[in-house]
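Asks: Take this structure first; my questions come after.
Values quoted throughout were computed directly from the atomic coordinates according to the rules given, and no laboratory measurement underlies them. The structure displayed is predicted, hence computed values, not measured ones. Cβ: placed from backbone, ideal geometry, glycine included. Neighbour counts: every protein chain shown.
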Amino acid sequence: LAKVVEGDLGKPAKTQDGERIHVYLNAGLSADTSIAVNRGVDGVGLYRTEVPFLMQRSFPSEEEQTQQYRSILSTYRDKPVVMRTLDIGGDKPLPYLTIEEDNPFLGWRGIRFTLDHPEIFLMQVRAMLRASIGFDNMDILLPMISGIAELDESLRLIERAYTEVASIALEQGYRLRRPRIGIMIEVPSILYQLPVLKDRVDFISVGSNDLTQYLLAVDRNNARVAGVYDALHPAVLHALKHIVETSRQYQLPVSVCGELAGDPIGALLLVGMGYRSLSMNTRNVAKIKYILRHIPVTEMEQLADYALKATVAADVRAKTTEFVDGHG
Ligand code: PEP
Ligand code: MG
């Protein structure tokens, strides 16, 4: 089977009834970005820029960042690359920056940290924009947005960086392309802000890892409560359904980049709910594409309908597992 799955990798993820699903890569390590390994993806749906930051001894310079970002933009030059601004704090503390807090996951992380350090944010966005000179495939994604004020402040800073880099580009004879800008949907408050953010962003990306953690108030890395952390919890599924329906209503492009998208059960449910873009770790790409290519969307829709009526995650899991097993 592994051979069949691998053999299918280069083919697009088109379901039995002809729906095209976009399968993107979650990347961070430079090894993740090898084109040979990832020939089957439609682009990079999430580039976690904190990964190279975590592997250094000090803050990388603007020049170093520009080189790193340029390398991934160039590797995937004909495909979209979604670059997320620094998402440190929480489970990802920087070794050269001590942050001591009682509740790191509820504390100074993601956009909260970078907006309090606009010089770090501006340097990073400038590096991204500089890296994108001559390419037309870069999108920018903002992590941990919990309200519109954070979004507006981020957009203001990005505009400032754009103006600076556009004039450098012009000196080199290039017109700098404006990146598409999106936010992560991972803090539950933002579910209620979709009507006001829809005109401010070009796309959204659902971070099901943090969305599950914050909706259920359960630490995603704490073994003691691992049983409570469940993305198949009816509340999480209803949140995911609400997001895809609302985005469709607003014609706002949406994808899912949390672990759920790279899990066979999760991918089937997400496509069944209406998602058409999934971003996942490299090890899951071949398997998920294979599954999507062999099951009709109508069956996934039935499965999602069942899941959305279930009252407990265990029922969803039992039913979906039975369904997957039934398909071999
Ligand atoms: C998420 O929260 O689902 C996500 C994709 O981001 P990260 O796992 O990097 O927090
Ligand atoms: Mg997250």
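Asks: Taking a cut-off of 19 Å between Cα atoms, list the lysines near Lys287, but don't count ones fewer than 8 places away on the same chain.
Replies: Lys3, Lys11, Lys14
Asks: Charges at C-beta only: +1 for Lys and Arg, -1 for Asp and Glu. How large is the resulting dipole of the chain about its Cα centre, in Debye rounded to 20?
Replies: Magnitude of the dipole: close to 840 debye.
Asks: Please compute the contact order of the chain in relative form: average sequence separation of alpha-carbon pairs under 8 Å and at least six residues apart, divided by the residue count, as a percent.
Replies: Contact order relative to length: 20 percent.
Asks: Which value, in debye to the nearest 20, describes the size of the charge dipole of region 99-180 about its Cα centre when Lys and Arg Cβ atoms bear +1, Asp and Glu Cβ atoms bear -1, and nothing else is charged?
Replies: 500
Asks: So what's the convex hull volume per residue for the Cα atoms of the chain, in Å³?
Replies: Hull volume normalised by residue count: 138 Å³.
Asks: Tell me, what HN-Hα J-couplings in whole Hz come from the Karplus equation 6.51 cos²θ - 1.76 cosθ + 1.60 at θ = phi - 60° for each residue of region 112-126, using x for Gly and Pro?
Replies: After applying 6.51 cos²θ - 1.76 cosθ + 1.60, I find 4, 5, 6, 6, 7, 10, x, 5, 6, 4, 4, 4, 5, 5, 4 Hz.
Asks: In nm, to one decimal, how far is the Glu6 label point from the Asp78 one, both placed 7 Å along Cα→Cβ?
Replies: That separation, rounded to one decimal, is 2.5 nm.
Asks: Between Ala235 and Tyr96, what is the label-point separation in nm under the 7 Å Cα-to-beta-carbon projection?
Replies: Calculated label separation equals 4.0 nm.
Asks: Taking a quarter of the surface of the convex hull around the Cα atoms of region 83-186, what do you get in nm²?
Replies: Averaged projected area of region 83-186's Cα convex hull equals 6.9 nm².
Asks: Next question, about the same structure. Using modelled amide H (1.01 Å from N, peptide plane; none on Pro or chain starts), what sits under 5 Å from the amide H of Ile140, excluding residues fewer than 5 places away?
Replies: Counting only residues 5 or more places away or on other chains, the set is Met83, Arg180, Ile181, Gly182.
Asks: 222 nm [θ] for the chain, helices only, -39500 (n - 2.57) per DSSP H run of 4+, per residue, to 500?
Replies: -14000 deg cm²/dmol
Asks: Continuing with the same structure: List, largest first, the extents of the alpha carbons of region 257-328 along their principal axes, each in whole Å.
Replies: 32, 24, 19
Asks: Hey, can you grab everything whose amide H is under 5 Å from the amide H of Gly134? Only 5+ residues off in sequence or another chain; H modelled, so Pro and N-termini drop out.
Replies: Long-range HN contacts for Gly134: Arg177.
Asks: 5 Å is the cut-off here: which amide hydrogens, built 1.01 Å from N in the peptide plane, fall below it relative to His22, excluding neighbours closer than 5 in sequence?
Replies: Under 5 Å from the amide H of His22 lie the amide H atoms of Ser277, Leu278, each far enough along the sequence or on another chain.
Asks: Using the alpha-carbon centroid of each, what span in Å lies between region 173-192 and region 64-113?
Replies: Each part's Cα centre sits 15 Å from the other's.
Asks: Next question. Hey, what did region 199-266 get for relative contact order, percent, Cα under 8 Å, at least 6 apart?
Replies: Once divided by the residue count of region 199-266, the mean separation gives 46 percent.
Asks: Follow-up. Quick one: P(r) of region 129-190 from all Cα-Cα pairs, 10 Å bins, percents rounded to integers, in order of increasing distance.
Replies: 22, 44, 25, 9, 1
Asks: To continue, here is another question. Just in region 67-176: which trypsin sites (Lys or Arg not before Pro) are loop by DSSP and have at most 15 other Cβ atoms within 10 Å?
Replies: Passing both the DSSP loop test and the Cβ count: Arg77, Arg175.
Asks: Evaluate the distance, in nm, between pseudo-label points positioned 7 Å from the Cα of Trp108 and of Val324 along their respective Cα→Cβ axes.
Replies: Result for the modelled spin labels: 4.0 nm.
Asks: Shifting gears a bit: State the extension gain, in nm to one decimal, for the chain segment bounded by His294 and Ala314, taking 0.36 nm per residue of separation less the distance between their alpha-carbons.
Replies: Value of the extension gain: 4.7 nm.
Asks: If you build a Gaussian network model of the chain, linking Cα atoms that sit under 10 Å apart, which residue out of Leu73, Leu97, Leu155 swings the most?
Replies: Leu97
Asks: Which ³J(HN,Hα) values in Hz, rounded to whole numbers, follow from the phi angles of region 137-146 under the Karplus curve 6.51 cos²θ - 1.76 cosθ + 1.60, where θ = phi - 60° and Gly and Pro get x?
Replies: Per-residue couplings from phi come out as 10, 9, 10, 10, 10, 9, x, 6, 5, 10 Hz.
Asks: Still on this model: Using C-alpha positions alone, give me the convex hull volume of region 159-269 per residue in cubic angstrom.
Replies: Once divided by residue count, the hull of region 159-269 is 146 Å³.
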